[in-house]
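This report concerns only the one structure given below.
What follows draws every value from the coordinates through simple rules; no lab data is involved. Remember, predicted model here, so these are calculated numbers, not experimental data. Cβ: placed from backbone, ideal geometry, glycine included. Neighbour counts: every protein chain shown.
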Amino acid sequence: MVAADLPGAVVLADDFGDGLDAGAAEYLAALLRRKSGQAWLGTRRPEVVRAFEATEGCGRGVMGAEGVLASR
């Protein structure tokens with residue numbers, strides 16, 4: 001999490017939010033979105049998706065994930 005705050009940091013994660021409760025998954029996704037230069041998160045959790053704006057991108061089938069989100 002500390003490295004995500006570096007200028008221009010790019011965060012990549014697959015199956016983001018697995019093993020977390022709903023609130024923690026959404027909170028951590030929102031924190032990564034806000035603090036990193038870019039956040040690319042593969043997830044099956046709708047809570048993670050809610051942390052992003054619809055215009056920030058969402059795909060299906062990339063790396064086998066249900067959704068891939070990118071910010072900035």
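When peptides 5-15, 35-45 are ranked by their average number of other Cβ atoms within 10 Å per residue, the highest-first order is 35-45, 5-15. Amide H to amide H distances under 5 Å link ASP15 with GLY42, THR43, where only residues 5 or more positions off or on other chains count and H is placed in the peptide plane.
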